[in-house]
Each structure stands twice: as structure tokens, then as C-alpha cells.
1. How about the stretch B:97-107: which of its residues are loosely packed, with under 14 Cβ neighbours inside 10 Å and farther than 19 Å from residue A:149 by Cβ?
2. Being touching a helix residue (DSSP H, G or I) at 6+ places or on another chain (Cβ under 9 Å) and closer than 22 Å to residue A:231 by Cβ narrows it down to one residue among B:10, B:92, B:14; which is it?
3. How many of the residues making up the stretch A:101-111 are part of a helix (DSSP H, G or I) and surrounded by 20 or more Cβ atoms within 10 Å (Cβ to Cβ)?
4. With A:315, A:269 as the choices, which residue is modelled with pLDDT under 85 and assigned to a helix (DSSP H, G or I)?
5. Restrict the check to the stretch B:79-100 and report whether at least one residue is outside any helix (DSSP H, G or I) and either facing chain A (nearest Cβ under 7 Å) or farther than 30 Å from residue A:106 by Cβ (or both).
6. Looking at (1) modelled with pLDDT of 85 or more; (2) surrounded by 14 or more Cβ atoms within 10 Å (Cβ to Cβ); (3) more than 21 Å from residue B:77 (Cα to Cα), which is the only condition residue A:306 fails?
7. Which one of A:56, A:127 is more than 30 Å from residue B:47 (Cβ to Cβ), out of contact with any strand residue (DSSP E or B) (no Cβ under 8 Å at 6 or more places or on another chain) and at pLDDT 85 or above?
């Protein structure tokens, strides 16, 4: 028992430390990649090729003045960023990075991740409401509208994978893909999942709650210092989670020839990071009623049809 | 590796601990020079007009209720999806009935214009 406990604690600290480092450097790579896509150099000043930029940013945010506007609801104002970050970090515990490397294995891994990920997005609503300022409230309301739009088709898009693997356990879902990856059987679900994931991440083209050209900074307009940093950490940590889920559900997790499993997992994960950054550099933002229309009137019927077709094909084969 | 739920408690403690301690540290380390203008809500530099927490569009409630109903249906469908192979043809027919009912509600809602934003 003590041995088990020590093992879990070590794994937990490794996963958290690596995740926070990855998150910090994701911001760097995002700025760098988008910079090069727009024929700029991106950060160059701090360290060689700006490699120390994320550390400088972190330190700067750490010693910034902590401003709480006088119209805000003080406790909720502190609670929202912490809730957002905690929900993102806690999810990392169940991700199987290889057959043996995960903090803990749950037989309801998919449900755990879906449920806590949606609690994390409610933090944005709390943040917008508690700021007591007009732009954050508009951002918070849009975030609510966004949750209503993507959450349903996100849930339905995974259904086909669950039907094929017959389990909610992430390890079993990967093991079921030993021969053929799920993306071959479920291409429609994969596309729908990626669109829903962009909605959940609040990233372009669905960054409506932030919308810096319309709402200043949306729900985190009034935030400063480390509370502001939390929203960023949480956004990028969620990017890790969403990429991991896409890899596990559709791309065969750690399966791959020659290289060890964890390397394959990380390669596939990085491909998704690059994809999300690429999308940000390419697409304009949707209007929120357009996003609701896509969610309710297109994606929902498409995912329902996908479930039926998957069921019928599985009966016939 | 076997199923275990207790590590989640440790993970939660670590995450909450990190979250709370880092915010407290930064609050203690940062400078504190508040003044009324700095603490006023941001409104592009002019004095804030009225209360920010204004009443919002009632349509949000309709969509929120629809979301709640449909999302619960998603959750109820999960056990079915996991047991699909064992249920066989009976399970598939059940799902056809379920989706037919779902679609009937969905078309009604659509027809009543609950999904339109004006």
C-alpha cells in the first residue's frame, strides 16, 4: 500500500510538472508558429530565439499587482480562475500516456473527462459574472451560449467510438484499436469531435468568450497578475487534454511501430497542438448565433445519423 | 494496472493546493497601490454607466433548458453505447425508437423557432 502510494505521488508530480512545462512552452510555440505564419519572427529578445520568454512571462505575472475591481464579487472573483485551473489539472490524472504510464486508471475515464471538462468551462461564466463589468459579462454570457451549442454534439460524437470499443475505460478503448484506428471507422465523428473541441477550448474560430476585437478580452478583462495567468494555463492544459482525448479515441493512443508507445503518443499529441495553432492562424471568428446554428441544426442531426449508421453497419458486419 | 479511485483525491489536493498557494503568493509579493480609478470597472476609459449586471435576453433560458434536456439524454445514451454489442438487434431497434422520439422533439423545437437568434 505504501509502495503504491509513493508510486502514485511520484507519477502525479511528474505528470503535473511536465504538463506545466509543456503548457508554458506551448504559449512560446504558439507565438513563434503564428509569427512565422505571418512572416514575423515572434519572440526573439529573451534568451536565444526567445526561448526563455515563457519563464520571463510567468515571473512577470507572478509579481504583478493583484487588482480586484470594486464592483466585483470578491470571493467568486478569486474562485473562478482557481476552479478553471483545478478542473484542467485534475483531468491529467486519468490520461494513459502509454499502457503503463498513467496516474490512475478509471473504468469510467471518458465520463470523468467529459464531466469535469464541462465544470471547467462554467468557471468562465463565473469569472464573467463576478467581475462586475460590462465586457466580462457579455463574454460570460457568450461562453454560456457556447457551452449550450457544442456540449451536446461533443457527447454524441464520441458515442460511435464507445459502441465499437464497448467500454468507457480509456486503456480498453486504445486496446480495441490494435488493428485499425477508430478514425477509419468513424471519420465523421472525428471531424465533429475536432470542431467541438475547438469550441470547448474557446480557440479561434470559436473564441467568442474572449473575442479581443469586440469584447476587449471577454471574460478575463478585469483579471490581472497570476489569476489572469491561470486562465491561460487552464486553456493550454485543456488543449493537452483535448489532444490526448483525440489521440486516444480516434488515433490509436500509444499504438505505433518501432518507437516506444509513449513517444508515439507524444508525437500524435504534438501534431494536434500544431493543428490547433494552425487553425488559429487561418480562420476568422464565427458570430455566436452562427456557432449555435452549426451546433444545433447541423452537428446534432449529423451525429445522430452517425450513431444510427454505426449501429446498422455493426449489425450487418 | 487496476482501477483505483483514491489517487484522484490526492490529485485534487495537489491541484487545489497549487492553485490556492500560487495565487496567495502572488497577492503577497505584488505591489499594492489601489486608487479609485484603477479599481473601477473597465469601460474604455470613460466613467462606467449604470450597473453591469443588466438583465439579459430571456431566450437564453429557453436554450439553456433545451440544452439541459438534450444533454441528459446524451448521458443516458452512454450505457447503451457501451453495451451495444451485447444488446444486439434489440438494442439497435431501441435506439431507432429513441432517436425517432428525439427527432420529433427536435423538429418541434426547431419549428417553434426556439433555435433562432434574432
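1. B:97, B:100, B:101, B:104, listed by residue number.
2. After ruling out the rest, the residue left standing is B:14.
3. 2
4. A:315 is the lone residue from the list that is modelled with pLDDT under 85 and assigned to a helix (DSSP H, G or I).
5. No; the residues of the stretch B:79-100 include none that is outside any helix (DSSP H, G or I) and either facing chain A (nearest Cβ under 7 Å) or farther than 30 Å from residue A:106 by Cβ (or both).
6. For residue A:306, the failing item is (3).
7. After applying the criteria, what remains is A:56.
Results for (1) more than 13 Å from chain B (Cβ to nearest Cβ); (2) part of a helix (DSSP H, G or I); (3) crowded, with 17+ Cβ neighbours inside 10 Å, shown as yes or no for each residue.
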| site | (1), (2), (3) |
| --- | --- |
| A:22 | yes, yes, yes |
| A:33 | yes, yes, yes |
| A:36 | yes, yes, no |
| A:44 | yes, no, no |
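The values are calculated or read from the model by the stated rules, or taken from the named source; none is laboratory data. Bear in mind that the values here come from a model prediction, so they are computed numbers and not experimental data. We place every Cβ from the backbone using ideal geometry, glycine too, and count neighbours over all the protein chains shown.
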